[in-house]
1. Pull out all pairs, ordered by first then second residue, where Cβ-Cβ is under 6 Å, the residues are six or more apart or on different chains, the first lies in the range 173-193 and is not assigned by TED's automatic domain parsing to the domain that holds ALA228, and the second is surrounded by 15 or more Cβ atoms within 10 Å (Cβ to Cβ) and small (Gly, Ala, Ser).
2. Is the range 110-121 home to any residue that is within 30 Å of VAL10 (Cα to Cα) and without any contact (Cβ under 8 Å) to a residue 60 or more places away in the chain?
3. Which of (1) of a type in the set (Gly, Ala, Ser); (2) surrounded by fewer than 17 Cβ atoms within 10 Å (Cβ to Cβ); (3) touching a Gly at 6+ places or on another chain (Cβ under 6 Å) is the odd one out, the single condition ALA134 does not satisfy?
4. Let me spell it out: the conditions are (1) modelled with pLDDT under 95; (2) in the same structural domain as VAL275 (by TED's automatic domain parsing), and LEU324 meets all of them except one. Which number is the exception?
5. List the number of the failed condition for TRP39; all other conditions in (1) within 21 Å of GLY263 (Cβ to Cβ); (2) free of Cβ contacts under 8 Å to residues at least 60 places away in the same chain; (3) part of a loop (DSSP other than H, G, I, E, B); (4) touching a Ser or Thr at 6+ places or on another chain (Cβ under 9 Å) hold.
6. TYR87 versus (1) within 23 Å of THR297 (Cβ to Cβ); (2) in contact with a strand residue (DSSP E or B) (Cβ under 6 Å, 6 or more places away or on another chain): which is the lone unmet condition?
7. Is it the case that some residue within the range 64-80 is surrounded by 24 or more Cβ atoms within 10 Å (Cβ to Cβ) and either charged (D, E, K, R) or more than 26 Å from THR337 (Cβ to Cβ) (or both)?
8. State whether the residues of the range 151-166 include one that is part of a helix (DSSP H, G or I) and closer than 15 Å to GLU101 by Cβ.
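The values are calculated or read from the model by the stated rules, or taken from the named source; none is laboratory data. The structure displayed is predicted, hence computed values, not measured ones. Note that each Cβ is placed from the backbone with ideal geometry, even for glycine, and that neighbours are counted across all protein chains shown.
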Amino acid sequence: MTADRTEHLVLPGVLTAEQAAETVAGILAGQRPDGAIPWFRGHHLDPWDHTEAAMALDAAGEHRAAALAYAWLARHQNPDGSWYAAYADGDAREPTDRAKESNFCAYVAVGVWHHYLATGDDTFLDGMWPCVFAAVEFVLALQQPGGEIGWKREADGTAVRDGLLTGSSSIHQALRCALAIAEQREEPQPDWELATGVLGHAIRRHPERFLDKSRYSMDWYYPVLAGAVTGGEAKARIEEGWDGFVVPGLGVRCVLPNPWVTGGESAELALTLWVMGESDRALEILQDLGHLRDPATGMYWTGYVFEDRAVWPREQTTWTAGSLLLAVAALGGEEATCAVFSGERLPEGLDAENECCAAGE
């Protein structure tokens with residue numbers, strides 16, 4: 001990896017071209033030869049973070065490595081369209097958590113659409129379509145009458161019907177990407193359009209349909225990041241939680257009231273701010289993350305306990321680095337990343353808002 005290949009990831013006060021190259025090299029070093037991207041070598045892989053790291057590789061121009069990551073998902077998808085929640089060091093023969101989480105499974109659609117936009121590879125899109133289709137069908141089988149998505153199936157197949165706001169918001173973005181793939185292939189999916197519409201309505205209008213995880217910063221910003229909450233409502237939501245979650249100069253708390261800021265949540269908030277058109281504030285958040293960068297590896301520590309002035313845990317994950325690279329890519333105008341997160345060219349699904357209002361919901 002040379003610095004000239006990462007010139008588009010240069011962001012003042014965040015990354016030089018050389019630093020970006022080091023971070024990309026760190027993610028590549030964590031990828032197994034079979035394409036799997038665990039949190040770090042020796043730790044587990046989960047399908048969502050694996051996909052996020054693959055998207056970062058595409059944003060950095062490492063398309064072959066990203067394609068290997070998606071091929072891993074296609075090869076190891078369960079017959080019901082799912083993946084297990086965790087695999088030891090990314091070894092598909094060693095699942096360590098046999099639950100099947102709905103947002104983990106849906107996110108493949110975001111990654112596949114991102115890779116297609118980055119490469120224009122129709123053969124790739126055609127090859128991954130059965131994988132995406134099966135994953136979406138698995139996820140939508142967990143959708144509840146109120147629109148929310150049950151968050152997992154237990155190892156014995158029992159459906160957990162409770163919805164998580166962060167997970168359902170991520171699924172909302174994934175469904176829109178899946179619809180974009182279907183549209184590109186001229187294979188309309190009206191059932192998916194309906195599911196996307198009622199899910200978006202639940203996220204915007206019915207917080208009571210989700211488990212209360214409001215202490216977690218992801219529940220604060222993810223409905224905005226995923227494009228379910230927009231405009232004035234998005235701005236009001238972010239302003240309401242800002243003072244509680246944002247620690248000036250350090251980043252974003254993972255959970256209230258803990259004195260712990262985390263790199264992944266901070267980078268995702270920066271990406272959320274970019275989605276809202278607030279690039280200046282996004283840049284400030286990313287600049288604050290510099291204290292989590294390890295200059296020896298180019299990777300980022302997961303978090304920092306500021307009351308103790310201690311890095312914790314002592315781990316540098318591929319997904320933390322990946323989330324930062326995606327935020328930088330968006331601020332830098334990288335086309336595929338901008339398209340996936342801005343949502344401007346993604347199908348909306350059925351407009352359930354007016355229909356639900358007319359029905360008194």
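1. Short answer, once both residue conditions are applied: GLN173/ALA226; GLN173/GLY227; ALA174/ALA106; ALA174/ALA109; CYS177/ALA109; ALA178/ALA109; GLN189/ALA182; GLU193/GLY349.
2. Checked the range 110-121: at least one residue is within 30 Å of VAL10 (Cα to Cα) and without any contact (Cβ under 8 Å) to a residue 60 or more places away in the chain.
3. (2)
4. (1)
5. (2)
6. (1)
7. Within the range 64-80, none of the residues are surrounded by 24 or more Cβ atoms within 10 Å (Cβ to Cβ) and either charged (D, E, K, R) or more than 26 Å from THR337 (Cβ to Cβ) (or both).
8. Looking for residues that are part of a helix (DSSP H, G or I) and closer than 15 Å to GLU101 by Cβ, one finds at least one in the range 151-166, hence yes.
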